[in-house]
Amino acid sequence: MEDITRDYLQALGEDIAERRDDDLRARFEELHPADIAEVFDRLEDEQVHYLWKLIDVEDRGDVLIELEEDVRETLLASLTNEEIAEEVLENIDSDDAADVVGELSEERAEKVIAQLDTENREDLLTLLRHPEGTAGALMGTELIRVELDWTVTQAVREMRRQAEEVGTVHSVYVVNSAGQLLGRLSLKRLLLEASSTRSTIGDLFREDDTQTVKVDDPDELVVQVMKKYDLVALPVVDDHNRLLGRITIDDVVDLMEEEAEKDYQLASGLSDEVESDDSLWEMTRARLPWLLIGLFGGLAGAYVIGAFDIERFPSMALFIPLIAAMGGNVGVQSAAIVVQGLAGGRTPADARLAPRLLKELSVALLNGAICAMVILGASLVLGYGWNLSVTVSLALIAVIVFAALFGTFVPLTLDRFKIDPALATGPFITTANDIIGLIIYFGIGVLMAA
């Protein structure tokens, strides 16, 4: 892939302007669909629409699903219902086709689906019935399956027929006459260990511990299973263990990327997923809620400071930023560790709270003691006096301990109530720790002055 530099885009634009179709086709013939999509993402809409007609029809669907969401939305709007069905949906896997249809309006989706042949239409409608966030919504129906009582000859013939719809053969699944999954069959055993072409799959098959997920299992479980067992494909079954489809590693990688972006935005104080080119209203709506929370948190902090006789101890005001910053940092650190554990399945949702809090308490006490000694020595060297230095040191230990416990407790509690724990790593923790940290700081100051 040639680097997408300004010069490359300029040369491409000149070819488009001069309608050098042969040169443009030559540019894209040897490119992977993902590379073509990367080029399209950098072009103007009119240029994308022009080039779309020049790339191979069989590659168009793969290019479309790799495009940035806004580019894909604009391109889909320019295509007819028949073009979407024949040029896109019929040339991509069923799970990707379901994602594309899901981005269309309900009225248009019905018209596009009506353009498909019966088999593709039924597969797509089946996938669209599964709720978002479940294994069923992630799976595709393209797979290779053989029945236990088939002969080797029959199995090979059927596998060849099924493979026409499968881009990559990850596994050969063995089912019984009722369609229930029994396990996987090694291609090596099928090709090399059959004593004759009249041997049956049952003669070759050995039951294994094939990992599966149920069609209504949450997608978080899919990620955990594939990660734990290093799988590239995971079969999906119903409550009766009938094989319905499979989930491949590329779908899981996409899901993990989406979840990481979502958690990052939540941690940054964005309540909705936004892009840099979204409308002014969409970006404001996503950012404003947490900004208002921060605003009222700041007002609460100002009230705490105002309630304390700061004029009597003006030097205490010098350490307000330090106390607030340390509390916020420690809280976010603790919350991030818990959220990471919940996301990776290492911290069960029903884990006992007390042991986790006890561990964080121990870490916080050690970190707090070290930071307190550092600030005590630094304050004395800078000439702030013994009383103020001790006050700040004691307050720092207390704030660090509270922030660590609070940062651990909140995400575990949110997860227990089925609320995304990533919220705990954002402005919520920082704002709460700022307010309570100031209360602790001034409370210790009052006690020291008594």
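The values are calculated or read from the model by the stated rules, or taken from the named source; none is laboratory data. Here the structure is a predicted model, which means the values were calculated and not measured. Note that we place each Cβ from the backbone using ideal geometry, even for glycine, and neighbour counts take in every protein chain shown.
Results for (1) assigned by TED's automatic domain parsing to the domain that holds Leu43; (2) surrounded by fewer than 21 Cβ atoms within 10 Å (Cβ to Cβ); (3) without any contact (Cβ under 8 Å) to a residue 12 or more places away in the chain; (4) among the basic types (Lys, Arg), shown as yes or no for each residue.
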| site | (1), (2), (3), (4) |
| --- | --- |
| Val63 | yes, no, no, no |
| Leu67 | yes, no, no, no |
| Val71 | yes, yes, no, no |
| Thr80 | yes, yes, yes, no |
| Ile84 | yes, no, no, no |
| Asp99 | yes, yes, no, no |
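Please indicate, with yes or no, whether at least one residue in the range 254-269 is closer than 30 Å to Phe442 by Cα, part of a helix (DSSP H, G or I) and modelled with pLDDT under 90.
yes
Determine whether the range 408-415 contains at least one residue that is surrounded by fewer than 20 Cβ atoms within 10 Å (Cβ to Cβ), assigned by TED's automatic domain parsing to the domain that holds Ala335 and modelled with pLDDT under 90.
Of the range 408-415, the ones surrounded by fewer than 20 Cβ atoms within 10 Å (Cβ to Cβ) are 409, 413.
With the extra rule that they be assigned by TED's automatic domain parsing to the domain that holds Ala335, the set shrinks to 409, 413.
Next, only the ones that are modelled with pLDDT under 90 stay: 409, 413.
Yes.
Just to check your reading of the model, which residue among Ala324, Ala349, Ala317 is at pLDDT 80 or above and surrounded by fewer than 18 Cβ atoms within 10 Å (Cβ to Cβ)?
Ala317
Is one or more of the residues making up the range 403-417 small (Gly, Ala, Ser), closer than 17 Å to Gln340 by Cβ, part of a loop (DSSP other than H, G, I, E, B) and touching a helix residue (DSSP H, G or I) at 6+ places or on another chain (Cβ under 9 Å)?
no
Is it true that some residue in the range 17-30 is out of contact with any Asp or Glu (no Cβ under 7 Å at 6 or more places or on another chain), part of a loop (DSSP other than H, G, I, E, B) and crowded, with 16+ Cβ neighbours inside 10 Å?
No - not one qualifying residue is present in the range 17-30.
Restricting to the range 85-106, name every residue that is under 17 Å from Asp251 (Cα atoms) and among the small types (Gly, Ala, Ser).
Result: Ser94, Ala97, Ala98, Gly102.
For Leu394, indicate whether it is surrounded by fewer than 18 Cβ atoms within 10 Å (Cβ to Cβ) and at pLDDT 85 or above.
no
If only one of Val39, Val112 is over 19 Å from Thr248 (Cβ atoms), outside the structural domain of Asp217 (by TED's automatic domain parsing) and at pLDDT 95 or above, which one is it? Even if it seems obvious, please write down each step before you answer.
Details: Val39 fails: at pLDDT 95 or above.
After applying the criteria, what remains is Val112.
Just a yes or no: is a residue in the range 186-194 under 31 Å from the mean Cα position of the chain (by Cα) and on the phi < 0 side of the Ramachandran plot?
no
Val57 - would you say it is modelled with pLDDT of 95 or more and either small (Gly, Ala, Ser) or more than 26 Å from the chain's Cα centre (by Cα) (or both)?
On the way: modelled with pLDDT of 95 or more: no; either small (Gly, Ala, Ser) or more than 26 Å from the chain's Cα centre (by Cα) (or both): yes.
No.
Could you check the range 24-36 and list, in sequence order, the residues that are among the hydrophobic types (A, V, I, L, M, F, W, C), closer than 13 Å to Gly13 by Cβ and modelled with pLDDT under 90?
Listed by number, the list is empty, since nothing qualifies.
From the residues in the range 437-450 that are crowded, with 19+ Cβ neighbours inside 10 Å and among the aliphatic types (A, V, I, L, M), which one is farthest from Tyr303 (Cα to Cα)? Talk me through it step by step, then tell me what you get.
Let us first name the residues in the range 437-450 that are crowded, with 19+ Cβ neighbours inside 10 Å, namely 437-438, 440-442, 444-445.
Checking which are among the aliphatic types (A, V, I, L, M) leaves us with 438, 440, 444.
Numbers: Leu438: 10, Ile440: 14, Ile444: 17 Å.
The residue in question is Ile444.
Give me the pairs: first residue in the range 142-161 and under 19 Å from Ala233 (Cβ atoms), second residue buried (at least 19 other Cβ atoms within 10 Å of the Cβ) and acidic (Asp, Glu), beta-carbon distance under 8 Å, and six or more apart or on different chains, which are they?
Partner pairs satisfying both residue conditions: Glu142/Asp93.
Find the residue count for the range 164-188, including only residues that are free of Cβ contacts under 8 Å to residues at least 24 places away in the same chain and surrounded by 15 or more Cβ atoms within 10 Å (Cβ to Cβ).
Total meeting the criteria: 2.
Test Asn91 against the criterion of being among the polar types (S, T, N, Q) and out of contact with any Gly (no Cβ under 9 Å at 6 or more places or on another chain), and give yes or no.
So Asn91 does not fit the description; no.
Identify, by number, the condition in (1) surrounded by fewer than 23 Cβ atoms within 10 Å (Cβ to Cβ); (2) modelled with pLDDT of 90 or more; (3) not in a loop (DSSP other than H, G, I, E, B) that Gly383 doesn't meet.
Of the numbered conditions (1) surrounded by fewer than 23 Cβ atoms within 10 Å (Cβ to Cβ); (2) modelled with pLDDT of 90 or more; (3) not in a loop (DSSP other than H, G, I, E, B), the odd one out for Gly383 is (3).
If the requirement is being within 20 Å of Glu258 (Cβ to Cβ), in a strand (DSSP E or B) and either of a type outside the set (Asp, Glu) or not assigned by TED's automatic domain parsing to the domain that holds Val156 (or both), which of these qualifies: Val236, Val225?
Unique residue meeting the criteria: Val236.
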